[in-house]
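Taking it in order: structure first as structure tokens, then the write-up.
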Amino acid sequence: MAEKNYSRIYLAIGSLALLTFIGILNETSMNVTYPELSAQFNVSLDVIQWITTGYLLMVTITMGTTAYLLRQYQARWLHLFAVSFFIIGDLMCALTGNFPILLTGRLIQAIATGLATPIMFHLIFTEIPRERIGMMTGMAAMVISFAPALGPTYGGVVSEMLSWRMIFWILLPIVLISLVCGQLFIRNKPLGNDKAFSYGSLITLAIALISIISAVSSIGKQGVGKQFWLLLLVAIIFFSAFIYINNHGKSELFDLRVFKVVPLRLSTVTYFNLQFINIGISLVIPIYVQYVLHSSAIVAGLILFPGSLIGAFISPFAGTLADRYGFATPVISGGILLVIGTSCFGIFQRHLTPLLIMLFFVVLRIGFNFAFSNTISNASMLVQPQNAPDVNSIFNMVQQFAGSLGTSLLASTIALFQMGNSGSLMGRTYAGGRFDFILLGVLAIITLLTMVTNYRMQQKKESISQ
């Protein structure tokens, strides 16, 4: 391929990376405004968290459509559709006078993010040579991993110095740059579909995902009660219906047969856990720092900035390592650092200061970024090329749903502890934070064990085939 064409492809990917960046930045930028919004709109923390949880959930559902859409329509027109929805939602949020309109605007914006991220990866996997995929997915991971952790910093600075509404106004000129570049340089051709879109699969999957998140959110009000189990049962029923309709209907949302490959299943678990920890800790830290350490919103956001920045710039380096030495080395090394960084929050909780939290988060983010992009890159190579859109759609759904579940569960847990009757609000928040820190530490250990098992299986298969 000529260098001139490479330049166009890079600019096309860049336009989508920019839209993805501001979309994901927007996911977590409101985290530091929870106390202010709770007071302004007179709603509790477990309700306010839906502006993040609902956003992530809508992104997840939208991503479920992209395996079909990317085969059916030109990415250029999908990009135009995404930008239009982002602008509409952004204006609704900036101008709103009540919480329902704010939440609706956030959900409309989420559709744009749900389209932009898979399109970006689709161009990487279909337009970039195999020997450069690690590096390019590393660049994409800079966007995906840096933006959600930078979000609280951005939101904290803007809301403290201006107002929370300016969080939305500032993004408008940036999205217009993505609009112009995308329409000029995105030129790939769709592969085409020989089947109709599976609406039944999408509807049943959406109901299942919403039910799971609603079940987890109910913990913040009444703990694990009847409502939790009822919603969980609904989720199981509809998820089973989704699998049946998707596999036996006239059309499918995506090809679930890719999960016959055991290493792909293990990679999916790894990818889910990584994003659960990443988004979850990015929510817990700002809340904990404000309620327990009595720091301002701007300090709560800035604590995450060094780790976000260092981790983001490590992603391309981690991808280059994978291109040269294989995926196992950077992924497992990242898993070890993830365990160390995450565990430190629980072990040293009594001694936590903003500086210590910042340092532990740096270690956590280095580990996360070593593993994150390389996990999806490795997964894309475990299936046939025609299944790359399926893996792309599934993995992007998984990472967004993990973020949605992480914010919902961890915020609901803190809200449940805050509703207790014993001790001060600071003490109750401290106890809720401790539960969350321990949970994330255990999940990091499980993730490391999954990584080791995965790459041992892949290495064993490679040795047999040789």
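Listing for the model above:
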item: Output for segment 248-259, where each listed residue is open to solvent by 20 Å² or more (accessible area, probe 1.4 Å) and under 17 Å from Met397 (Cβ atoms); result: Glu252, Leu256, Arg257, Phe259
item: Tally, over segment 350-369, of residues that are assigned to a helix (DSSP H, G or I) and open to solvent by less than 30 Å² (accessible area, probe 1.4 Å); result: 9
item: Qualifying residue in segment 241-259 (condition: modelled with pLDDT of 90 or more, outside the structural domain of Met58 (by the TED database) and farther than 30 Å from Gln418 by Cβ); result: yes
item: Unique match (being modelled with pLDDT under 80 and buried (at least 21 other Cβ atoms within 10 Å of the Cβ)) among Ser412, Ser422, Ser393; result: Ser393
item: Entirely in segment 83-191, the helices (runs of 4 or more DSSP H) that have 3 or more residues that are within 12 Å of Ile22 (Cα to Cα) and open to solvent by less than 50 Å² (accessible area, probe 1.4 Å); result: 99-127, 133-161, 171-185
item: Checking Leu78 against (1) under 14 Å from the mean Cα position of the chain (by Cα); (2) more than 26 Å from Arg165 (Cβ to Cβ); (3) at pLDDT 85 or above, the condition it does not meet; result: (1)
item: Residues of segment 271-298 classified as at pLDDT 80 or above and over 18 Å from the mean Cα position of the chain (by Cα), total; result: 9
item: Close pairs (6 angstrom Cβ cut-off, 6 or more residues apart or separate chains): outside the structural domain of Thr407 (by the TED database) in segment 18-34, of a type in the set (Gly, Ala, Ser) and open to solvent by 10 Å² or more (accessible area, probe 1.4 Å) anywhere; result: Val32/Ala297; Thr33/Ser159
item: Failed condition for Leu359, given (1) in contact with a helix residue (DSSP H, G or I) (Cβ under 7 Å, 6 or more places away or on another chain); (2) at pLDDT 90 or above; (3) closer than 16 Å to Ile281 by Cβ; result: (1)
item: Ser380 being under 26 Å from Arg434 (Cα atoms) and either of a type in the set (Gly, Ala, Ser) or modelled with pLDDT under 85 (or both); result: no
item: Qualifying residue in segment 34-42 (condition: under 28 Å from Thr413 (Cα atoms), surrounded by fewer than 24 Cβ atoms within 10 Å (Cβ to Cβ) and within 20 Å of the chain's Cα centre (by Cα)); result: yes
item: Hits in segment 233-273 (condition: hydroxyl-bearing (Ser, Thr, Tyr), touching a residue at least 12 places away in the same chain (Cβ under 8 Å) and part of a helix (DSSP H, G or I)); result: Ser267, Thr268, Thr270, Tyr271
item: Residues within segment 227-242 that are under 19 Å from Ser201 (Cα atoms) and open to solvent by 80 Å² or more (accessible area, probe 1.4 Å), tallied; result: 4
item: Check on Thr320, open to solvent by less than 10 Å² (accessible area, probe 1.4 Å), β-branched (Val, Ile, Thr) and either within 24 Å of Ile446 (Cβ to Cβ) or more than 19 Å from the chain's Cα centre (by Cα) (or both); result: no
item: Hey, Ser38 modelled with pLDDT of 80 or more and in a helix (DSSP H, G or I) or not; result: no
item: Verdict on Asn387 being of a type outside the set (Lys, Arg), in a helix (DSSP H, G or I), crowded, with 24+ Cβ neighbours inside 10 Å and not assigned by the TED database to the domain that holds Glu27; result: no
item: Among the candidates Ala402, Ala444, residue that is within 20 Å of Asn369 (Cα to Cα), assigned by the TED database to the domain that holds Val262 and touching a Leu at 6+ places or on another chain (Cβ under 6 Å); result: Ala444
item: From the options Val262, Val299, Val292, Val269, residue that is open to solvent by 40 Å² or more (accessible area, probe 1.4 Å), under 30 Å from Ser38 (Cβ atoms) and in the same structural domain as Gly311 (by the TED database); result: Val299
item: Where a residue in segment 441-452 is surrounded by 14 or more Cβ atoms within 10 Å (Cβ to Cβ) and its partner, wherever it lies, is among the aromatic types (Phe, Trp, Tyr), with Cβ under 8 Å and at least six apart; result: Gly441/Phe345; Leu443/Phe276
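The values are calculated or read from the model by the stated rules, or taken from the named source; none is laboratory data. Nothing here was measured: the structure is a model prediction, and the numbers come from that model. Methodologically, a virtual Cβ is constructed for each residue, glycine included, from the backbone with ideal geometry; neighbour enumeration extends over all protein chains shown. Note: areas computed on protein heavy atoms with side chains; ligands, DNA, RNA excluded. Shrake-Rupley method; radii C 1.70, N 1.55, O 1.52, S 1.80 Å.
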